[in-house]
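Beneath this line is the structure, given in structure tokens, with notes to follow.
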Amino acid sequence: DKTWMHTPEALSKHFIPYNAKFLGNTEVEQPKGTEVVRDAVRKLKFARHIKKSEGQKTPKVELQISIYGVKILDPKTKEVQHNCQLHRISFCADDKTDKRIFTFICKDSESNKHLCYVFDSEKCAEEITLTIGQAFDLAYRKFLESGGKDIETRKQIAGLQKRIQELETENTELKNKVQDLENQLRITQVHASP
């Protein structure tokens, strides 16, 4: 069994709060993929850069993560700005090139478009991604325990197992890539040394 960082109760009965800066969201063509996310991050960072030069600060938000989804709130007024239900989140990743950035793609319930949400968190980007991963895992287990009787839950969770596997596969692939790069670097250094 995996060792997660939060207790199941914390995510199912309550939520895990995080503070982050919200770079915004942008429409993406695909429901998942590292490249898809990378383009969205580039686009939103650029837009944010322009706003910053105009004297606008990046808005701070509070994220509340639970087995029901991710809520994005105003940290002062606690007003909900976006409510992304878990079964609508198709991809979630922290940026390996910029450790502060994490993202998720969510299908908008009204427009049916895929939106990529991008956040900047100095310390917690990876932890937030893992917390969302744990929420997926718990939601799926809860579904199995209910014997899959709840049709609505069944529809929502049909994709969860696949996504958990995808997150795990992606993690392994990234680890392998890092290993390859480290090996290449070692070879280069060996050749470079006189």
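The values are calculated or read from the model by the stated rules, or taken from the named source; none is laboratory data. Every value quoted in this text rests on a predicted model; they were computed, and no experiment measured them. Cβ: placed from backbone, ideal geometry, glycine included. Neighbour counts: every protein chain shown.
For every residue, the table says whether it meets (1) in a strand (DSSP E or B); (2) of a type outside the set (A, V, I, L, M); (3) more than 11 Å from the chain's Cα centre (by Cα); (4) at pLDDT 95 or above.
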residue: His87; (1), (2), (3), (4): no, yes, yes, no
residue: Phe91; (1), (2), (3), (4): yes, yes, no, no
residue: Ile105; (1), (2), (3), (4): yes, no, no, yes
residue: Glu122; (1), (2), (3), (4): no, yes, yes, no
residue: Leu130; (1), (2), (3), (4): no, no, no, no
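Every residue in the stretch 25-75 that is β-branched (Val, Ile, Thr) and in a helix (DSSP H, G or I), please. Outline the logic, then answer.
Looking only at the stretch 25-75, we keep the residues that are β-branched (Val, Ile, Thr), and these are 26, 28, 34, 36-37, 41, 50, 58, 61, 65, 67, 70, 72.
Scanning the stretch 25-75 gives Thr34, Val36, Val37, Val41, Ile50.
Would you call Asp74 under 21 Å from Thr131 (Cβ atoms), of a type outside the set (Gly, Ala, Ser) and over 16 Å from the mean Cα position of the chain (by Cα)?
The answer is yes for Asp74.
Here are some residues: Leu144, Leu63. Which one is more than 23 Å from Glu29 (Cβ to Cβ) and modelled with pLDDT of 95 or more?
Answer to the check: Leu63.
If Ser109 passes every condition in (1) at pLDDT below 90; (2) in a helix (DSSP H, G or I) but one, which one does it miss?
All conditions are met except number (2).
Residues checked against (1) touching a Ser or Thr at 6+ places or on another chain (Cβ under 8 Å); (2) among the charged types (D, E, K, R):
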{"residue": "Gly69", "(1), (2)": "no, no"}
{"residue": "Asp74", "(1), (2)": "no, yes"}
{"residue": "His82", "(1), (2)": "no, no"}
{"residue": "Cys92", "(1), (2)": "yes, no"}
{"residue": "Ile105", "(1), (2)": "yes, no"}
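Which ones in the stretch 84-137 are acidic (Asp, Glu) and either without any contact (Cβ under 8 Å) to a residue 24 or more places away in the chain or closer than 18 Å to Tyr68 by Cβ (or both)?
Residues satisfying the conditions are Asp108, Glu110, Glu122, Asp137.
Go through (1) part of a helix (DSSP H, G or I); (2) modelled with pLDDT of 95 or more; (3) of a type outside the set (D, E, K, R) one by one and return the number of the condition Tyr18 breaks.
Status for Tyr18: all satisfied but (1).
Would you check which residues across the stretch 53-62 are without any contact (Cβ under 8 Å) to a residue 60 or more places away in the chain, closer than 11 Å to Leu23 by Cα and of a type outside the set (A, V, I, L, M, F, W, C) and list them?
Lys57, Pro59, Lys60
To keep it simple, each residue is scored yes or no on (1) more than 17 Å from Gln81 (Cα to Cα); (2) surrounded by fewer than 17 Cβ atoms within 10 Å (Cβ to Cβ).
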site: Glu9; (1), (2): yes, yes
site: Ala20; (1), (2): no, no
site: Asn25; (1), (2): no, no
site: Lys51; (1), (2): yes, yes
site: Gln56; (1), (2): yes, yes
site: Lys60; (1), (2): no, yes
site: Gln64; (1), (2): no, no
site: Ile67; (1), (2): yes, no
